[in-house]
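Single-structure report; data block below.
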Amino acid sequence: MSRLEGRTALVTGAGQGVGRGIVEVLAGEGADVVVNDLFPDRAEAVAAEVGGRAVAFDVTDLAAVRAGFATAGPVDVLVNNAGIPAAGFPQVDFKDSDPELWARFVDLNLYGVMNCTHTALQGMCERGWGRVVTIASEAGRVGLPIRVSLYGAAKAGAIGLMKHLAHEVGPHGVTCNALALGGMEGLPGDGSRNPVPRLGKGTDVGATCAFLASDGAEWITGQVIGVNGGAVT
Ligand SMILES: NC(=O)c1ccc[n+]([C@@H]2O[C@H](COP(=O)([O-])OP(=O)(O)OC[C@H]3O[C@@H](n4cnc5c(N)ncnc54)[C@H](O)[C@@H]3O)[C@@H](O)[C@H]2O)c1
């Protein structure tokens, strides 16, 4: 299938993990893929593998985001994937957390999404077509006993942003959705308690992004879609 021929898709934090799987699927659907990461070598390696372009920048730095998008050219599909996964930081009860750590979670998981989305939306609205998909987490929509309050709060903020933006930009042909991921490969365990008894793969997420980026999904906006093996229903 080539549902994304003629579209340029920029995926943040795509130098490894989930983002790598997303660009693989989007490139397979015919998109001109722009691989972003904080680390240029990671972005370049993945871009070479999937036949895309590498544009490295830090999503938390608005000036760097603006410059990166200028290098990339018009972006039709933005996937806000860069984020701190649940296993990527010390998990502590909120009451025991160091307030100096709080900004780190909000900067990457919420400000990063705002910086990239704000930069992409102007052109999408002017051209009358655009797709924004934000990679969130089930931790952003349900309470969990795994001590990820800060992460969940930032992801919930990003989900709320997508819901409100859907109303603002829908009339301009732009949709905004969020994906709530369950446990992905690389986390401890094997996912055997999920209804689909395995951990998630980046390509599972990529398949959902490709659908949401397609013309056929033009009436789906402001939604949170669980990509979680059925773990949360
Ligand atoms: N792994 C999971 O189980 C899981 C579960 C739920 C949600 N998620 C979400 O999925 C997304 C991807 O997670 P992952 O597991 O692939 O993470 P990962 O850490 O394996 O990869 C993230 C990539 O983002 C890059 N990155 C980090 N900070 C950046 C910045 N400021 N600017 C640009 N790039 C930056 C990193 O260099 C890295 O290559 C995240 O938003 C995460 O919150 C992951």
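The values are calculated or read from the model by the stated rules, or taken from the named source; none is laboratory data. The structure presented is a predicted model; accordingly, all values stated were derived computationally and were not measured. Cβ placement follows ideal geometry from the backbone for every residue including glycine, while neighbour counts extend to all protein chains displayed. The area values use the complete protein model at the heavy-atom level, side chains included, leaving out ligands, DNA and RNA. Shrake-Rupley method; radii C 1.70, N 1.55, O 1.52, S 1.80 Å.
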Among GLY202, GLY186, which is on the phi > 0 side of the Ramachandran plot and out of contact with any Phe, Trp or Tyr (no Cβ under 8 Å at 6 or more places or on another chain)?
GLY186
Taking the condition modelled with pLDDT of 95 or more, open to solvent by 50 Å² or more (accessible area, probe 1.4 Å), within 18 Å of the chain's Cα centre (by Cα) and closer than 23 Å to ALA31 by Cα, does HIS172 pass?
no
Only one of VAL79, VAL75, VAL50 that is more than 12 Å from the ligand (Cβ to nearest atom), touching a strand residue (DSSP E or B) at 6+ places or on another chain (Cβ under 9 Å) and either closer than 20 Å to MET162 by Cα or among the basic types (Lys, Arg) (or both)
VAL75
Can you name every residue in the stretch 209-233 that is open to solvent by less than 30 Å² (accessible area, probe 1.4 Å), away from the ligand (no atom under 12 Å from the Cβ) and closer than 16 Å to SER137 by Cα?
GLY222, GLY230
Do the conditions hold for ALA67, that is, is it within 15 Å of the ligand (Cβ to nearest atom) and over 26 Å from GLY152 (Cβ atoms)?
yes
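A quick yes/no check of all residues on (1) away from the ligand (no atom under 14 Å from the Cβ); (2) at pLDDT 95 or above; (3) closer than 20 Å to GLY17 by Cβ; (4) more than 18 Å from the chain's Cα centre (by Cα):
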position	(1), (2), (3), (4)
GLY112	no, yes, yes, no
MET124	yes, yes, no, no
GLY128	yes, yes, no, yes
ALA136	no, yes, yes, no
ARG147	yes, no, no, yes
ALA154	no, yes, yes, no
Out of ASP61, ASP41, sole residue that is among the acidic types (Asp, Glu) and within 20 Å of HIS118 (Cα to Cα):
ASP61
With respect to ALA72, determine if the residue is small (Gly, Ala, Ser) and within 25 Å of TRP219 (Cβ to Cβ).
no
Hits in the stretch 175-202 (condition: more than 12 Å from the ligand (Cβ to nearest atom) and either open to solvent by 10 Å² or more (accessible area, probe 1.4 Å) or under 16 Å from SER137 (Cβ atoms) (or both))
ASN177, ASP190, SER192, ARG193, ASN194, PRO195, VAL196, PRO197, ARG198
Here are the criteria: (1) closer than 28 Å to GLY6 by Cβ; (2) surrounded by 19 or more Cβ atoms within 10 Å (Cβ to Cβ). Tell me which single one GLY123 does not satisfy.
(2)
Out of all the residues in the stretch 147-162, is one or more open to solvent by 10 Å² or more (accessible area, probe 1.4 Å), in contact with a strand residue (DSSP E or B) (Cβ under 7 Å, 6 or more places away or on another chain), under 30 Å from ASP98 (Cβ atoms) and polar (S, T, N, Q)?
no
